[in-house]
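The values are calculated or read from the model by the stated rules, or taken from the named source; none is laboratory data. Quantities reported herein were computed from a predicted structural model and do not represent experimental measurements. For neighbour counting, all protein chains shown are included, and Cβ atoms are generated from backbone atoms with ideal geometry for every residue, glycine included.
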Ligand SMILES: [Zn+2]
């Protein structure tokens, strides 16, 4: 799936970079993502006036480590799909469903299946009580 859900485990206190970096550090990383995007959403490719920064993580179940892999610039609609839990809470799921099906060229049934898969993965990751944090990705911004 080009556009997929990225549900962050409940126990990831540091899932939001904004909360661990200084304002200046976060702004630097965020703006670097916007510059790479050149005005287009890095997932759906739409040209939008306002991009949002999104942190990408992978989760190693064996070492119980959440690893930062990228910070990308996405449009609001893609971001609302990625964080579907929050989107459902604010009652904006319909627009997210439409966008998901449009970007992935799939049906509503595919959406439901993908969401079930994401929720199952989320449940498994929530069994880890404390995720370790790997921010090696950020080194590129320090060493340059
Ligand atoms: Zn997008």
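Residue 50: within 16 Å of the ligand (Cβ to nearest atom) and loosely packed, with under 15 Cβ neighbours inside 10 Å, yes or no?
Considered against the rule, which asks whether it is within 16 Å of the ligand (Cβ to nearest atom) and loosely packed, with under 15 Cβ neighbours inside 10 Å, residue 50 comes out as yes.
Go through the range 8-47 and report how many residues are under 26 Å from residue 118 (Cβ atoms) and touching a helix residue (DSSP H, G or I) at 6+ places or on another chain (Cβ under 7 Å).
7
Please go through the range 74-88 and pick out each residue that is under 29 Å from residue 31 (Cβ atoms) and assigned to a helix (DSSP H, G or I). Reasoning before the result, please.
Initially, the range 74-88 is screened for residues under 29 Å from residue 31 (Cβ atoms), giving 74-87.
The answer is 76, 77, 78, 79, 80, 81, 82, 84, 85, 86, 87.
Would you check which residues across the range 22-33 are over 15 Å from the mean Cα position of the chain (by Cα), surrounded by 12 or more Cβ atoms within 10 Å (Cβ to Cβ) and without any contact (Cβ under 8 Å) to a residue 60 or more places away in the chain and list them?
If the condition is that a residue be over 15 Å from the mean Cα position of the chain (by Cα), surrounded by 12 or more Cβ atoms within 10 Å (Cβ to Cβ) and without any contact (Cβ under 8 Å) to a residue 60 or more places away in the chain, then 26, 27, 31 are the ones that fit.
One residue is enough: does the range 27-40 have a residue meeting the conditions closer than 16 Å to residue 80 by Cβ, within 16 Å of the ligand (Cβ to nearest atom), outside any helix (DSSP H, G or I) and at pLDDT 95 or above?
no
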